[in-house]
Amino acid sequence: MENWKENPRAFWILGLPPTVWLLAFFIIPLGFLFVMSFSDKALIDGQISITEYDYFTGISNYIRAFDTLYLSIMWKSIWVSALATALCLLTAYPIAFGICFAPNKWKPLLLLLVILPFWINLLIRTYALIAVFRTQGYVNKVLDLVGIGPFEMLYNNFAVIFGLVYVYMPFMVLPLYATIERLDKSFLEASLDLGASQFTTFLKVTVPLTMPGIVSGIILVFIPCLGSFLTPDLLGGANAIMIGNVIERQFKAANDWPFGAALSFLLMYATFGALALRSFLASRSKGVDI
C-alpha cells in the first residue's frame, strides 16, 4: 500500500483548502493594504476623492506617522502595553506555578478557570468592567461601605491597563504553565539541597529555565495590547487614546485608508521585530550562534 505521506495527491487535497483560505482572506487583503500604505487619495476636479486613490505615490504616509502627535500616542501605547504585560507576568507566574504543583485531579479544572473568559465575548466582558468600575459601580459601593470613595476609576489609564490585564491574562498563564510543567523539578531540589534559599533558587534556577515561556508570554500579551482598540475606547475614552484607536478611526471616521494602512504596517514591523528578538533570545539560551 502506498504511503499517503509520499502521495502528491494527498498533499494537494489536504493543503489546497487552507492555502486558498490564507490567500483569499489573509495574503491578498494584506497585500492590498500594503499597496494602500504607499498611496494617497486621488484629486478629481480639484477635490480630494473619498473613494479613489493614486497608488504608489511615495512614503508620505510613513513620514506622517512620525509626526510628534502620533509619536506621542505610539510612545503612550508602548508604555501602557509594557506595564500591562509586566502586571500580567507578575500575576500569571504564581498562578501558573500553583497550577503545575496542584494535585493532578485539580489541574484540568484550574486550567478551565483560566480559559473560561474566552467563552464570553470580549465586548460583554468589557461592559462588565464598566459596571464594576463606574462611579456607582460595585467597587465604589464596597468602598462606600467603609467610608472611602467614591473614586473615578473609568476613562483613564488605570481602567485601560486593568482592562488589558483582565483580557490578556490567559495568554500569559498558558505558555508559562506549559514551560513550568516541563521543568525538571530535580534542579529545584538540588539547589535547595546545596543550601540555596527559596528566593535564590527561584531567581537563579527557576526563572532561567522557564525563560522561553516568559518570552513567549510577553510576546503573546504585548503585541495584542499594543494594537488593542476596543478596551481603550470603552474604558479609556478620550483620555486614554492608544495607537489602535487612531488606526481604527483612520479606517472609519476619517476615511483615510492609506494613512491607517501605514500605521498598521508600522505595528506589523514592530511585531516582526519582537519575534526576531524572541528567536534571538531563544537561540542564545540554547547556546546557538546566529
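The values are calculated or read from the model by the stated rules, or taken from the named source; none is laboratory data. These numbers come from a predicted model, not from an experiment. Backbone-built Cβ (ideal geometry, glycine too); neighbour counts: all protein chains shown. For the accessible areas, the whole protein counts, side chains as well, though only heavy atoms, and no ligand, DNA or RNA atoms are used. Shrake-Rupley method; radii C 1.70, N 1.55, O 1.52, S 1.80 Å.
Going through segment 14-35 one residue at a time, which ones are without any contact (Cβ under 8 Å) to a residue 24 or more places away in the chain, open to solvent by less than 90 Å² (accessible area, probe 1.4 Å) and not hydroxyl-bearing (S, T, Y)?
Within segment 14-35, G15, L16, P17, P18, V20, L23, A24, I27, P29, L30, G31, V35 meet the criteria.
Considering D233, D256, which residue is under 30 Å from A131 (Cα atoms) and of a type outside the set (V, I, T)?
D233
What pairs can you find where one residue is in segment 257-280 and open to solvent by less than 60 Å² (accessible area, probe 1.4 Å), the other is of a type in the set (D, E), and their Cβ atoms are less than 6 Å apart, with a gap of 6+ or different chains?
P258/D40
What is the one condition in (1) modelled with pLDDT under 85; (2) open to solvent by 100 Å² or more (accessible area, probe 1.4 Å); (3) among the hydrophobic types (A, V, I, L, M, F, W, C) that A10 does not satisfy?
Result: A10 passes all but (2).
Does F158 satisfy the criteria of being under 16 Å from the mean Cα position of the chain (by Cα) and in a helix (DSSP H, G or I)?
It is false that F158 is under 16 Å from the mean Cα position of the chain (by Cα) and in a helix (DSSP H, G or I).
Conditions tested, residue by residue: (1) modelled with pLDDT under 90; (2) of a type in the set (K, R).
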{"residue": "K185", "(1), (2)": "yes, yes"}
{"residue": "V221", "(1), (2)": "no, no"}
{"residue": "R249", "(1), (2)": "no, yes"}
{"residue": "A253", "(1), (2)": "yes, no"}
{"residue": "A274", "(1), (2)": "yes, no"}
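Of all residues in segment 138-150, which are outside any helix (DSSP H, G or I) and open to solvent by less than 100 Å² (accessible area, probe 1.4 Å)?
Of everything in segment 138-150, those that are outside any helix (DSSP H, G or I) and open to solvent by less than 100 Å² (accessible area, probe 1.4 Å) turn out to be G147, I148, G149, P150.
If we only count helices (runs of 4 or more DSSP H) wholly inside segment 26-137, which ones have 3 or more residues that are of a type in the set (A, V, I, L, M, F, W, C)?
Here the list reads 28-37, 68-100, 107-115, 122-133.
Name the single residue, out of those in segment 237-256 being in a helix (DSSP H, G or I) and β-branched (V, I, T), that is surrounded by the most Cβ atoms within 10 Å (Cβ to Cβ).
Among those that are in a helix (DSSP H, G or I) and β-branched (V, I, T), it is I243.
Please go through (1) within 23 Å of the chain's Cα centre (by Cα); (2) modelled with pLDDT under 90 for V173 and return the number of the only condition it doesn't satisfy.
That leaves (2) as the condition not met.
Considering only residues that are farther than 30 Å from Y127 by Cβ, open to solvent by 90 Å² or more (accessible area, probe 1.4 Å) and hydrophobic (A, V, I, L, M, F, W, C), which ones fall in segment 151-192?
F187
Within segment 99-109, can one find any residue that is more than 22 Å from the chain's Cα centre (by Cα), β-branched (V, I, T) and closer than 30 Å to P175 by Cβ?
yes
Which count do you get for residues in segment 110-125 that are open to solvent by 80 Å² or more (accessible area, probe 1.4 Å) and either farther than 17 Å from D233 by Cα or of a type in the set (G, A, S) (or both)? Reasoning before the result, please.
Taking segment 110-125 first, the residues open to solvent by 80 Å² or more (accessible area, probe 1.4 Å) are 113, 118-121, 124.
Pick out the ones that are also either farther than 17 Å from D233 by Cα or of a type in the set (G, A, S) (or both) and you get 113, 118-120.
Total meeting the criteria: 4.
How many of the residues in segment 193-224 are outside any helix (DSSP H, G or I) and loosely packed, with under 12 Cβ neighbours inside 10 Å?
The qualifying residues number 3.
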